[in-house]
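Data block below; observations after.
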Amino acid sequence: MGPGQNFGEMSLLTGKPRTATVTCTQPTTCAVLEQKDFQELLLQYPKMGLALTTMLAERVELASQQVGIEYINLSKMNFDARVLGLVPQSMMQQHKMIAVAFANDRLTLAMVNPSRWSPRKRITAGS
């Protein structure tokens with residue numbers, strides 16, 4: 001983050017505790033805005049809401065790019081039986097996924113709903 005950027009706005013919008021953790025690497029001045037004051041500002045200055053919406057949309061777009069989710073049509077793919085055999089069928093059914101490629105020691109999976117997948121979550125045989 002740099003000068004003029006903000007954090008914690010999700011908490012102001014949702015009313016839930018903030019999830020952002022920020023550590024400053026140089027002297028920094030921050031302002032604190034309470035939810036009640038934030039809501040009054042949005043009512044008084046509607047353009048603030050538009051600017052906030054734009055910023056949030058940009059963050060969602062950036063986060064989507066970082067996750068690396070690509071949507072493909074499986075009906076147009078040719079599957080290699082050797083790749084399909086790398087993941088047990090019961091595991092593919094349980095997690096609604098299919099192995100689509102294996103190269104450079106990396107297995108590529110296609111999933112019904114990849115947005116529910118956590119990169120930290122590891123699936124092991126038998127799970």
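The values are calculated or read from the model by the stated rules, or taken from the named source; none is laboratory data. Note that the coordinates shown come from a computational prediction; the quantities given were computed from them, not determined experimentally. All Cβ positions, even for glycine, are placed from backbone atoms using ideal geometry, and neighbour counts span all protein chains on display.
Table for the structure above
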| item | result |
| --- | --- |
| Answer from Pro27, Pro3 - the residue that is outside the structural domain of Leu107 (by TED's automatic domain parsing), modelled with pLDDT of 85 or more, assigned to a loop (DSSP other than H, G, I, E, B) and not polar (S, T, N, Q) | Pro27 |
| Matching entry among Leu86, Leu33 (being modelled with pLDDT of 85 or more, touching a Gly at 6+ places or on another chain (Cβ under 9 Å) and in a loop (DSSP other than H, G, I, E, B)) | Leu33 |
| Test: residue in segment 60-78 that is at pLDDT 85 or above and more than 19 Å from the chain's Cα centre (by Cα) | no |
| So Gly8, is it at positive phi and either among the aliphatic types (A, V, I, L, M) or exposed (fewer than 11 other Cβ atoms within 10 Å of the Cβ) (or both) | no |
